[in-house]
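One structure below.
The values are calculated or read from the model by the stated rules, or taken from the named source; none is laboratory data. If you're wondering where the values come from, they're calculated on a predicted model, not measured in any experiment. We place every Cβ from the backbone using ideal geometry, glycine too, and count neighbours over all the protein chains shown. Ligands, DNA and RNA are excluded from the accessible area calculation, which covers all protein heavy atoms including side chains. Shrake-Rupley method; radii C 1.70, N 1.55, O 1.52, S 1.80 Å.
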Amino acid sequence: MKKFVMYGIFALAAGQACAAGDTIKVGMLAEMSGTFADFGLQMTNGAKAYMKQHGDIVAGKKIELIVKDTTGPAPDVAKRLAQELVVKDGVDFLAGFGLTPNAFAVAPISTEAKKPTIIMNAATSAITTKSPYIARVSFTLAQVTEPMAQWAYKSGLRKIYTVVADYGPGHDAEQTFKKTFTKLGGEVVGELRVPLKNPEFGPFVQRVKDSKPQAIFVFVPAGELAVGFMKAYDERGLAKAGIKLLSTGDVTDDSVIDALGDGALGVISTHQYSAAHVSPENKAFLAAYAKVDAKTRPNFMAVGGYDGMAAIYEVVRQLKGNVDGDKAMQVLKGLKINSPRGPIQIDADTRDIVQNVYVREVKKVDGKLYNVEFETINAVKDPGK
Ligand code: PHB
């Protein structure tokens with residue numbers, strides 16, 4: 001009963017906000033502080049870069065970005081902030097979400113308030129099934145892991161150890177890798193799950209080394225955890241022991257790749273975006289991003305923020321400024337965008353993203369570390385559905 005009354009207020013607030021104005025409000029929930037603060041920085045920078053490049057007036061309405069800090073993996077905080085954005089701020093869209101638990105927590109609010117919700121990073125497959133008002137412009141772990149397992153087998157590897165962060169996207173990566181690799185004839189010789197909060201990578205990595213696999217497949221969230229993992233891999237001498245490192249692009253992500261140092265050279269990863277991607281769209285994106293923040297290199301989360309704003313602009317344009325939840329979802333279903341990462345589409349059935357996945361190797365370009373793409377798997381759907 002309490003729930004019903006609360007959501008009734010949502011409906012009222014949403015109606016008033018729409019009638020109110022000349023402004024389209026985008027409520028962004030992002031990790032702006034704590035261990036994952038880089039997620040929020042990248043996503044908001046990406047969104048701002050799009051707005052800088054395209055102006056902030058669409059169909060005669062001013063686009064306003066309202067950013068709220070979830071502080072990290074904090075479902076209760078995310079939920080409360082989403083309620084505030086809907087009821088107090090009267091937002092037309094919800095967006096952002098670096099971390100999976102925050103996206104899961106907000107899904108019921110998206111449904112009850114009928115708010116189109118754009119996932120700019122969180123990458124557990126199931127997220128888009130939790131509300132018909134969710135569309136994803138980022139990626140899923142299953143989507144980038146399947147090509148990694150295929151590439152590993154193709155390159156002759158047969159015995160691989162998996163290490164993943166112990167939560168939604170890590171579980172998806174672990175399961176997808178095992179399913180794909182064993183179906184082809186490879187063997188997963190060991191599986192480790194590391195905690196999301198303050199993991200001590202040294203002992204984990206040592207266990208992998210002692211079991212002497214040919215390679216290790218890793219997913220941990222981008223940023224500090226990736227740096228921590230790479231440090232342990234280096235210090236424990238896995239490369240010297242001949243254990244190859246394969247990962248999703250989160251581990252060799254552009255925002256931290258320089259901090260990984262030369263120990264990262266040669267790491268093979270699969271992902272949807274590299275700052276080294278060669279295209280006119282990426283060139284324009286890098287230039288727009290640098291105008292917002294010249295100090296950091298944009299990563300896949302910045303592209304998620306940028307493309308998420310592109311999707312929102314298109315909805316506002318097609319609906320001539322009169323944003324309605326159901327109509328917005330109709331526009332989002334099947335929407336195509338020429339992204340800095342390559343062509344992307346929102347699948348009309350699942351509201352999840354279809355995109356190219358690239359196999360990359362860490363190399364030096366002009367003296368700096370980059371993920372250099374060398375193989376493309378076109379138009380990959382989320383295999384986790
Ligand atoms: C997620 O929580 O879904 C997540 C976070 C960081 C990543 C990938 C996925 O790099």
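Compactness of segment 46-154 is given as radius of gyration and Dmax, 15.8, 54 Å, from Cα positions.
For the pairs Lys240/Lys364; Lys79/Lys197; Lys240/Lys295, note any where the Cα-Cα span goes beyond 27 Å. Pairs exceeding the cut-off: Lys240/Lys295. Take 218-228, 41-51 and order them by the average number of nearby Cβ atoms within 10 Å per residue, most first; the result is 41-51, 218-228.
Only protein atoms count toward the accessible area here, which uses a 1.4 Å probe; on segment 203-312, the carbon and sulfur part of that area reaches 54 percent. Dipole magnitude for segment 175-315: about 460 debye, using +1 per Lys or Arg Cβ and -1 per Asp or Glu Cβ, origin at the Cα centre. Seen against the Cα atoms of the chain and their longest principal axis, helix 224-235 is set at about 0 degrees.
Taking 0.36 nm per residue of separation and subtracting the current Cα-Cα distance, fully stretching the chain between Asp89 and His54 would add 10.2 nm.
Taking 0.36 nm per residue of separation and subtracting the current Cα-Cα distance, fully stretching the chain between Thr182 and Arg80 would add 32.5 nm. Helix 37-54 and the longest principal axis of the C-alpha atoms of the chain enclose an angle of approximately 60°.
With everything on Cα atoms, drop me the angle between helix 2-20 and the longest principal axis of the chain, reported from 0 to 90° to the nearest 10. So the inclination is approximately 70 degrees. Ordering Leu81, Leu94, Ala47 by Cα displacement along the dipole of segment 16-112 toward the positive end leaves Ala47 in first place; charges were set at the Cβ atoms of Lys, Arg (+1) and Asp, Glu (-1). A simple packing score, the average count of other Cβ atoms within 10 Å per residue, orders the peptides 243-255, 288-300 as 243-255, 288-300, with the highest score first. Taken about its Cα centre, the chain carries a charge dipole of roughly 380 debye when the Cβ of each Lys and Arg holds +1 and the Cβ of each Asp and Glu holds -1. Annotation: aspartates and glutamates with alpha-carbon distance below 13 angstrom to Lys368 (same-chain offsets under eight excluded): Asp254, Asp258, Asp262. Across the options Thr252, Ile344, Ala276, the greatest Cα extent toward the positive end of the charge dipole of segment 227-381 (unit charges at beta carbon of Lys, Arg, Asp, Glu) belongs to Ala276. With the cut-off at 21 Å, tell me which of the pairs Lys283/Lys385; Lys52/Lys333; Lys25/Lys61; Lys52/Lys283 have Cα atoms farther apart than that. Correct reply: Lys283/Lys385; Lys52/Lys333.
Accessible surface computed residue by residue for segment 258-340, with neighbouring protein chains in place and a 1.4 Å probe, gives 39 Å² per residue. Highest-first packing order for the peptide set 88-100, 315-327 is 88-100, 315-327, based on the mean count of other beta carbon atoms within 10 Å. Pairs of Cα atoms nearer than 8 Å and 6+ residues apart set the relative contact order; for the chain it is 18 percent. Computed from the C-beta positions of Ser155 and Lys327 and an R0 of 41 Å, the FRET efficiency is 0.30 to the nearest 0.05. Here's the list of aspartates and glutamates a cross-link from Lys62 could span, going by alpha-carbon distance under 17 Å and ignoring same-chain residues fewer than 8 apart: Asp22, Asp89, Asp92, Glu314, Asp324. Measuring from a point 7 Å past the Cα of Lys385 along Cα-to-C-beta, which residues in segment 348-365 have an amide N at less than 18 Å? The answer is 348-357. Beta bridges assigned by DSSP with both partners in the chain are antiparallel in approximately 40 percent of cases.
What segment 162-226 shows is 43 Å² of accessible area per residue, with the surface traced by a 1.4 Å probe over protein heavy atoms.
Secondary-structure-derived ellipticity at 222 nm for the chain, considering helices only, amounts to -13500 deg cm²/dmol, per-run term -39500 (n - 2.57) for DSSP H runs with n ≥ 4.
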